[in-house]
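S.K.: This is the structure I have questions about; it appears just below.
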Amino acid sequence: MNGLSQQVERLHARREELTELMRRLGAELSEMKRRNEALLAEYRNGLFCSGCNQTRSQILAKGERFPHPGQQVLRPTPQQIHSKEQDLARPVADLSARLDTTRLEQAAARARAQSGLEQLVYGLAFWRCAFSDASGQLNRALTLRQRLLQDQAQALRDLHERTLLRAGAAQIAGDDKTYQALSADAAIHQRQLDRRQREITEAVTQGQSWLVHGLELRRQQKAVLESYLDQRHLRLAAPAVSDASQSPQSAPLDLGVFYLMGGLPAAVSTQSDQPASLKEVEDFVQQFKQSAGAWLGVAPAAPTSAVPSPAPARPAVPGGMSDLLQKLP
């Protein structure tokens, strides 16, 4: 994301430079055409000096007399007028060609910058997806461990109660030997139950610690991402960084399926084109939707490497540590 944000910043700066250059070239071209029209009007009317071949306005601009002493005002032939028009048209054509080239370059920089902004949106969405996946896996692991310990504790509690009932029955029956044996078993069960209760408490405490650590890590990474986007041209254009968890029911687009891991598309897509995507990103998003969806009781989507066919407009900023998270630029 750092390299991507810097690249997008450079593209926006270049677009700004080219826009200013277009403005200056356009003004220069307009002034050149106006000046040439005035020169040609004088030339066609014969207002130039026979001695220096300069027009009346050129001579008067230098504070000299028109025509120069001993010279006369000449009228050009049609061939001379045509030659003068060609001489004046060449710099106009050169400047027009430069303006056209600059206009094309500016449009390309603008399209690439827009594509870069879309990648920033997808990158932030994929970051949320990855962190949501990591948080979900951690929550599932903690919940499963607590359930396992609680099930074991309940089984020990039931066994302890049954043992105490049998011991009581043996005591009533006067079977002291059986009573003593069952009482010893009940004490063992109680110690095992006490140990399971301590393990449950430790698991809860450990889980809370891990969750706090995960939230702090998320906060730190959010601050880092925000620092990447804190650049002059991105402050108004870049999306806000949201660290809200993503739902597995979110559309693939909102999970960052089109993120190119810090790169830009080789060619800017049109609205009718399918945005570029990476298989590893598609697979990760699909895995998140299936695994998290199964845990939450959401019917998983059918596995497919294909992404939605219509090319979406830029979304509002959508919303993880997994192996892919470590690869985020």
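The values are calculated or read from the model by the stated rules, or taken from the named source; none is laboratory data. None of these values were measured; they are calculated from a predicted model. Positions of Cβ are generated from backbone atoms using ideal geometry, with glycine treated the same way; all protein chains shown enter the neighbour counts. Heads up: the accessible areas ignore ligands, DNA and RNA and are worked out on the full protein's heavy atoms, side chains in. Shrake-Rupley method; radii C 1.70, N 1.55, O 1.52, S 1.80 Å.
S.K.: Please state which one of 105, 64, 31, 85 is acidic (Asp, Glu), open to solvent by 50 Å² or more (accessible area, probe 1.4 Å) and closer than 30 Å to residue 235 by Cβ.
M.R.: Of the residues listed, the single one that is acidic (Asp, Glu), open to solvent by 50 Å² or more (accessible area, probe 1.4 Å) and closer than 30 Å to residue 235 by Cβ is 105.
S.K.: Here are the criteria: (1) surrounded by 15 or more Cβ atoms within 10 Å (Cβ to Cβ); (2) within 55 Å of the chain's Cα centre (by Cα); (3) of a type in the set (A, V, I, L, M). Tell me which single one residue 211 does not satisfy.
M.R.: All conditions are met except number (1).
S.K.: Moving on to the next point. Cβ-Cβ below 7 Å, separation at least six or inter-chain, first residue in segment 155-175 and open to solvent by less than 60 Å² (accessible area, probe 1.4 Å), second of a type in the set (Lys, Arg): which pairs?
M.R.: As it stands, the answer is 156/196, since those pairs meet every condition given.
S.K.: Pairs needed: first member in segment 2-15, of a type in the set (Gly, Ala, Ser); second member anywhere, modelled with pLDDT under 95 and not in a helix (DSSP H, G or I); C-beta distance under 6 Å; at least 6 residues apart or different chains.
M.R.: Filtered contacts from segment 2-15: 3/262; 3/329; 13/233.
S.K.: Quick check on this structure: which one of 190, 106 is among the polar types (S, T, N, Q), assigned to a helix (DSSP H, G or I) and under 28 Å from the mean Cα position of the chain (by Cα)? Full working, then the answer.
M.R.: Numbers: 190 fails: under 28 Å from the mean Cα position of the chain (by Cα).
Of 190, 106, the one residue that is among the polar types (S, T, N, Q), assigned to a helix (DSSP H, G or I) and under 28 Å from the mean Cα position of the chain (by Cα) is 106.
S.K.: Could you tell me whether any residue of segment 249-266 is aromatic (Phe, Trp, Tyr) and modelled with pLDDT of 90 or more?
M.R.: Within segment 249-266, one or more residues are aromatic (Phe, Trp, Tyr) and modelled with pLDDT of 90 or more.
S.K.: Here is a check on your reading of the model: is residue 6 open to solvent by 60 Å² or more (accessible area, probe 1.4 Å), within 30 Å of residue 226 (Cβ to Cβ) and modelled with pLDDT under 95?
M.R.: On the way: open to solvent by 60 Å² or more (accessible area, probe 1.4 Å): yes; within 30 Å of residue 226 (Cβ to Cβ): yes; modelled with pLDDT under 95: yes.
Considered against the rule, which asks whether it is open to solvent by 60 Å² or more (accessible area, probe 1.4 Å), within 30 Å of residue 226 (Cβ to Cβ) and modelled with pLDDT under 95, residue 6 comes out as yes.
S.K.: Among the residues in segment 136-148, are any more than 46 Å from the chain's Cα centre (by Cα) and of a type in the set (Ser, Thr, Tyr)?
M.R.: There is no residue in segment 136-148 that is more than 46 Å from the chain's Cα centre (by Cα) and of a type in the set (Ser, Thr, Tyr).
S.K.: Something else now. Among the listed residues 143, 163, identify the single one that is part of a helix (DSSP H, G or I) and within 30 Å of residue 249 (Cα to Cα).
M.R.: Unique residue meeting the criteria: 143.
S.K.: Could you give me the residue pairs with C-beta distances under 9 Å whose first residue belongs to segment 249-265 and is part of a helix (DSSP H, G or I) and of a type in the set (D, E, K, R), whose second residue is buried (at least 19 other Cβ atoms within 10 Å of the Cβ) and modelled with pLDDT under 90 wherever it lies, and which are 6+ apart or on separate chains?
M.R.: From residues that are part of a helix (DSSP H, G or I) and of a type in the set (D, E, K, R), the pairs are 254/246; 254/318; 254/319.
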